[in-house]
Amino acid sequence: MKNLLFLFTLISVATNLHSQTIEVCPDCQYTSIKEAIKSSSPHDAIIIKNGVYREGNITIDKPLSIIGKDYPVIDGESKYEIFTIKSDSVTLRGLKLLNVGVSYTKDLAAINIINSDYVNIKDNILENSFFGVYYQKSSYGLIEGNVMQGNAVKEISSGNAIHLWHCDNMQIIDNQVRNHRDGIYLEFVDSSRIVNNVSEGNLRYGLHFMFSNWDDYISNTLRDNGAGVAVMFSRFIRMEDNLFEKNWGTTSYGLLLKEIYDAEIINNEFYKNTIGIYGESATRIKISNNEFHQNGWALKILGSCMDNEVVSNNFIGNTFDVTTNSSRNYNIYNGNYWDEYTGYDLDKDGYGDVPYRPVSLFSHVITKSESSIILLRSLFVDLLNYAEKVTPVFTPESLKDELPKMKPIQ
Amino acid sequence: MKRILKYSFFDMIRSRWSIFYFLFFLITASSLLYMSNDSSRALASLMNIVIILCPLIGTLFGVMYYYNSRDFIELLLAQPIKRRDIFLGEYFGLAFSIVISFIAGITIPFIFYGFGGADTLVNFLTIVVAGSILTMAFLAISFLVAMKNSNKIKGFGLAIIIWLFMAIIYDGLFLMSLFIFEDYPLETFSLAMTVINPIDLCRTLVMLQLDISALLGYTGAVFNKFFGTSQGIIISLFFALLWVAGPVWTISWQCKAKDF
């Protein structure tokens, strides 16, 4: 990927050795970005110096590098979409984009990329934007090091910070997105990487995947979002080293999986979410080496989930470890550490000698009658759970960890 | 009444039992704080202990104390003192000393450790109030039971059955009725069921305080709404105090007819 980009830059530099640099500032030859773009030739660099520019919608229709010096302010005056990019190989860097217009019929964005490949959006600051960066039918884009601060109040009148639609081979790296509807939204996006981003305080999802395949998201922090992270109708997604934190509320999830196949969820940390992972029709997913700490439900795996493996995770201080609404189980639980495990390890191999059943009777009861959760932490419920633990009758017989770890997995 | 209250209070506070009770809470609270190193988590664990132990200890102490001081009561009855004053004096002396042991036991560790924020302080106060009310209520109930039964075995048995009913069987019936009437809207019903039983009421109040409310979903929202209004707080406090005032009033009324 990187090599390819490099090669491409090399070729583009080689074929355009005569590229010019045009400066824009309040007392330069060009005082307006639009004029500068008009009189530039492909592969020129336009350097925008410090100042405030109010020019409505700016369309870029040739390959250009637009570079801001000391973060020049480009203001959409709460009416316009700021940049519309309709050409390949455009770079936007070091700009401060403010006040995108809000529309209920058009998805106005601070930067809207239409049918253009190799567009790089780097190190920009976006404030008060409806949609932040919006790629449509574009490939090989790079979104790196941007800070996007929205002011979303209601879901219907707000947009997504990073919105990708029908794209592939995209990279989203080191961005910080806050207070939008969705932090990062991907729909029909394949073979892309989402690395090291921070998405917090968004109204709906911190990260939202729809119909996207072969994507990796790694080392992201997803905190305090309305409903957490959702991965839906997708295949071959790899989720690694992410932190899902404090997605706390009556309809919140750390991670929502719906109609998703063949994913890997490895080395993530789920801390203080209402539901750590919620799975509905999730199939062939490998959940391993994750930390589940102080969640309401660590795992809520519905009966429609099959052939998933829950292996070598730590479950510590969760109100409920695992809940399911079915009396059958088609998933594998093996070698996890459960803090509520009370068994023994006579042969000292580090694994308990009796299996652990993570579904307590009470968590099973709640799925049948939701209002009974009001009896949580009552002595009666503790007795009930204990009795069920000794002789399981209601909870799924085969849902058990045959090799529960005695000590937390490092 | 004041003098009898004083005697019974000092009698009780000097006794092994209240010192044991005090030490129990002191050690539990400080070890919870020491082990979890986080006052809000320690509070959550402490809540479980308070909800289970305060009613149980109240029940046992009430019966025990009454049977122990029977001779003293009979002696007092020979004096020109109102019957009501004797019995209520005995009860309040007992109740204050136990409540003070409880409050001192859980407050001292938190004072040394620090509350760590206004939220935790509110949660802590909720637990203190809940524990005190539960103790007072179950002391009064068991005191009344012991007064009505001169047979000690019967008295103990009945008091424990009442505790068993309130702490465990009630919730079982509650859960069963939730299942049987599944098809009906049950929010008001479960709210009423919760408010009526002091143990459930205290448990729910503390639970809502301790930020588990997000787990409770729709039911939790209904409860939060109820307990969030001043009307809800007044109603629940009224019912909680009714469990203290009711038995106490019955004691003062029944003692007149008490035959020795």
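Hey, does the stretch A:260-269 have a residue that's under 26 Å from B:Tyr218 (Cβ atoms), away from chain B (no Cβ under 13 Å), touching a residue at least 12 places away in the same chain (Cβ under 8 Å) and in contact with a strand residue (DSSP E or B) (Cβ under 7 Å, 6 or more places away or on another chain)? Taking every residue of the stretch A:260-269 in turn, none turns out to be under 26 Å from B:Tyr218 (Cβ atoms), away from chain B (no Cβ under 13 Å), touching a residue at least 12 places away in the same chain (Cβ under 8 Å) and in contact with a strand residue (DSSP E or B) (Cβ under 7 Å, 6 or more places away or on another chain). Residues in the stretch A:376-410 that are of a type outside the set (A, V, I, L, M, F, W, C), assigned to a helix (DSSP H, G or I) and either open to solvent by less than 50 Å² (accessible area, probe 1.4 Å) or within 14 Å of chain B (Cβ to nearest Cβ) (or both): A:Asp382, A:Asn385, A:Tyr386, A:Glu388. Within the stretch A:36-71, the set of residues being in contact with a Pro (Cβ under 7 Å, 6 or more places away or on another chain) and over 19 Å from A:Val119 (Cα atoms) comprises A:Lys49, A:Asn50, A:Gly51, A:Tyr53.
On inspection, B:Thr250 fails the criterion of being facing chain A (nearest Cβ under 8 Å) and over 19 Å from B:Val122 (Cβ atoms).
Picking from residues in the stretch A:175-205 that are in a loop (DSSP other than H, G, I, E, B) and open to solvent by 10 Å² or more (accessible area, probe 1.4 Å), the one that is nearest to A:Ile143 (Cα to Cα) is A:Asn196. The residues of the stretch B:150-189 that are open to solvent by 70 Å² or more (accessible area, probe 1.4 Å), in a loop (DSSP other than H, G, I, E, B) and facing another protein chain (nearest Cβ under 8 Å) amount to a single one, B:Glu182. For the stretch A:281-308, residues that are in a strand (DSSP E or B), out of contact with any Ser or Thr (no Cβ under 7 Å at 6 or more places or on another chain) and open to solvent by 40 Å² or more (accessible area, probe 1.4 Å) total 3.
For the stretch B:131-143, indicate whether the set of residues that are more than 14 Å from the chain's Cα centre (by Cα) and either assigned to a helix (DSSP H, G or I) or more than 10 Å from chain A (Cβ to nearest Cβ) (or both) is non-empty. No: the stretch B:131-143 contains no residue that is more than 14 Å from the chain's Cα centre (by Cα) and either assigned to a helix (DSSP H, G or I) or more than 10 Å from chain A (Cβ to nearest Cβ) (or both). Within the stretch B:216-234, does at least one residue satisfy the condition of being away from chain A (no Cβ under 14 Å), surrounded by 16 or more Cβ atoms within 10 Å (Cβ to Cβ) and of a type outside the set (Val, Ile, Thr)? Yes, the conditions are met somewhere in the stretch B:216-234. Within the stretch A:238-255, restricting attention to residues that are under 11 Å from the mean Cα position of the chain (by Cα) and farther than 10 Å from A:Asn273 by Cβ, the residue that is nearest to the other protein chains (Cβ to nearest Cβ) is A:Leu243. Every test in (1) more than 14 Å from every other protein chain (Cβ to nearest Cβ); (2) under 20 Å from the mean Cα position of the chain (by Cα); (3) at pLDDT below 95 is passed by A:Asn295 save one, and that test is (1). Here the condition is being free of Cβ contacts under 8 Å to residues at least 12 places away in the same chain, assigned to a helix (DSSP H, G or I) and at negative phi; of B:Asp71, B:Asp119, it holds for B:Asp71 alone.
The strands (runs of 3 or more DSSP E) found wholly in the stretch A:38-90 and carrying at least 2 residues that are out of contact with any Cys (no Cβ under 7 Å at 6 or more places or on another chain) and farther than 16 Å from A:Val24 by Cβ occupy A:83-85. Looking at the stretch A:333-353, can you tell me whether even one residue there is in a loop (DSSP other than H, G, I, E, B), at positive phi and open to solvent by 50 Å² or more (accessible area, probe 1.4 Å)? Looking through the stretch A:333-353, at least one residue is in a loop (DSSP other than H, G, I, E, B), at positive phi and open to solvent by 50 Å² or more (accessible area, probe 1.4 Å).
The rows are residues; the columns are (1) of a type in the set (Ser, Thr, Tyr); (2) crowded, with 24+ Cβ neighbours inside 10 Å; (3) more than 30 Å from B:Val248 (Cα to Cα).
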| position | (1), (2), (3) |
| --- | --- |
| B:Gly89 | no, no, no |
| B:Phe92 | no, no, no |
| B:Ile103 | no, no, no |
| B:Phe110 | no, no, yes |
| B:Tyr113 | yes, no, yes |
| B:Asn123 | no, no, no |
| B:Val128 | no, no, no |
| B:Gly131 | no, yes, no |
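Residues in the stretch A:366-375 that are facing chain B (nearest Cβ under 7 Å) and open to solvent by 10 Å² or more (accessible area, probe 1.4 Å): A:Glu370, A:Ser371.
The values are calculated or read from the model by the stated rules, or taken from the named source; none is laboratory data. Computed from a predicted model, the values in this text were never measured in an experiment. Here Cβ is always computed from backbone atoms with ideal geometry, including for glycine, and neighbour counts include all displayed protein chains. Calculation scope for accessible area: heavy atoms of the full protein, side chains included, ligands and nucleic acids excluded. Shrake-Rupley method; radii C 1.70, N 1.55, O 1.52, S 1.80 Å.
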